[in-house]
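Participant: Input: one structure, supplied below.
Quick note: the coordinates plus some simple rules give every number you see, no bench work behind them. All values reported here derive from a predicted model rather than from experimental measurement. A quick note on method: Cβ atoms are made from the backbone with ideal geometry, for glycine too, and the neighbour counts reach across all protein chains shown.
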Amino acid sequence: MMGWVFELGADFYGFITAQPAWRKSCAELVARLPAGDRLRIVDLGCGPGVSAFELARQRPADSVCGLDLSRRMLAEAQRRSRRSGLSPGRVGWIRADATKLPFPRASVDALTGHSFLYLLPDRRAALAECQRVLKPNGRLILMEPNDGPANLRELWGISRDPRFLLSMTLWRPASRLNGRFTQAALHDTLTRAGFSDCRVDRTLAGLGLLAVAVRPGPA
């Protein structure tokens, strides 16, 4: 629903999310990745690359690919990658629709998405694609907007960086427009899509939800 906004506002979105608190939130995705080396990780809706860069920094042995539908977001990610401190080519970039992922069946170890699923008009199709491309016991890790109340004092304690506060201020009405999740709703969405071992926790002072789910392996 908001694709045109991200096309036009890629530079601005990159600016307000390139700050420590946002990177720390992205690092929470990393902490929930499966153990092991040389995993293939795809960051869905990577935007200007903040989450993909964090994945690449903290998992140096893994293959990381950022995927987004917006040309301008990917151009911004590639521009920022040149001054990210990462080696050239460390993160791959692919322009693709999340409902038509350009990967073979059972070829990806983990999929991540930082503020991603709530934006999609066809969440069911995107989650079906996630199921298709994940290996058995592969992991889906998402940070999504919470429809529950936020703790403003806790939010103030996370960061007083104006960019962080602005990003949260803008995210709140945008997520209301597109449809937030409750903990139960996000858990139910993932379970209905065929994922198992789903866990959904509050994050970002209650503004966000951090979900982890597994594609079931052989019985």
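Participant: Take the Cα radius of gyration of the stretch 1-106 and divide it by 2.2 N^0.38 Å, with N its residue count; two decimals is plenty.
Facilitator: 1.03
Participant: I would also like to ask the following. Taking Cα atoms of the stretch 3-214, Rg/Rh with Kirkwood Rh, to two decimals? Don't jump to the answer; show the numbers that get you there.
Facilitator: Details: Rg = 15.9 Å, Rh = 17.1 Å.
Radius of gyration relative to Kirkwood radius: 0.93.
Participant: Efficiency by 1/(1 + (r/R0)^6): what FRET value for residue 23 and residue 63, r their Cβ-Cβ distance, R0 = 25 Å, to the nearest 0.05?
Facilitator: Rounded to the nearest 0.05, the efficiency is 0.75.
Participant: Calculate how many DSSP beta bridges within the stretch 1-116 are antiparallel, expressed in % of all such bridges and rounded to the nearest 5.
Facilitator: On the way: 0 of 14 bridges.
Approximately 0 percent, going by the DSSP bridge assignments.
Participant: Measuring from the lowest to the highest alpha carbon on each principal axis, how far does the stretch 87-203 reach, largest first, in angstroms?
Facilitator: That works out to 45, 40, 24 Å along the principal axes.
Participant: Identify the residues of the stretch 141-170 with backbone N under 12 Å of a label point that sits 7 angstrom from the Cα of residue 202 along the Cα-to-Cβ direction, or state none.
Facilitator: Those under the cut-off are 146-155.
Participant: Let me ask you something else. Rounded to the nearest 500 deg cm²/dmol, what is the calculated helix-only ellipticity per residue at 222 nm for the chain, with -39500 (n - 2.57) per DSSP H run of length n ≥ 4? Could you put the intermediate results ahead of the total?
Facilitator: Working: 9 runs with 91 residues, N = 219.
Mean residue ellipticity at 222 nm (helix-derived): -12000 deg cm²/dmol.
Participant: Toward the positive end of the charge dipole of the stretch 3-214, about the Cα centre and with charges on Cβ (Lys, Arg +1; Asp, Glu -1), which of 51, 92, 127 goes farthest?
Facilitator: Highest projection toward the positive end goes to 92.
Participant: Something else: Return the loop-located trypsin sites (Lys or Arg not before Pro) in the stretch 91-131 (DSSP other than H, G, I, E, B) with at most 16 other Cβ atoms within 10 Å of their own Cβ; answer none if there are none. Show your work: numbers first, answer last.
Facilitator: Numbers: sites: 95, 100, 105, 123, 124; in loops: 100, 105.
Loop-located and lightly packed - 100, 105.
Participant: Please give the contour-minus-distance gain from residue 105 to residue 178: 0.36 nm per residue of separation, less the Cα-Cα distance, rounded to one decimal in nm. Write out the running numbers ahead of the final one.
Facilitator: Values: separation 73, 0.36 × 73 = 26.28 nm, distance 2.95 nm.
Here the segment from residue 105 to residue 178 would lengthen by 23.3 nm.
Participant: Can you tell me the dipole magnitude for the chain around its Cα centre, using point charges on the Cβ only (Lys, Arg +1; Asp, Glu -1), in Debye to the nearest 20? Working shown, then result.
Facilitator: Details: 32 positive and 20 negative charges, 68 e Å.
The dipole of the chain has a size of about 320 debye.
Participant: Taking every DSSP beta bridge with both residues inside the chain, roughly what % is antiparallel (nearest 5)?
Facilitator: Details: 13 of 34 bridges.
Of all bridge pairs located within the chain, approximately 40 percent are antiparallel.
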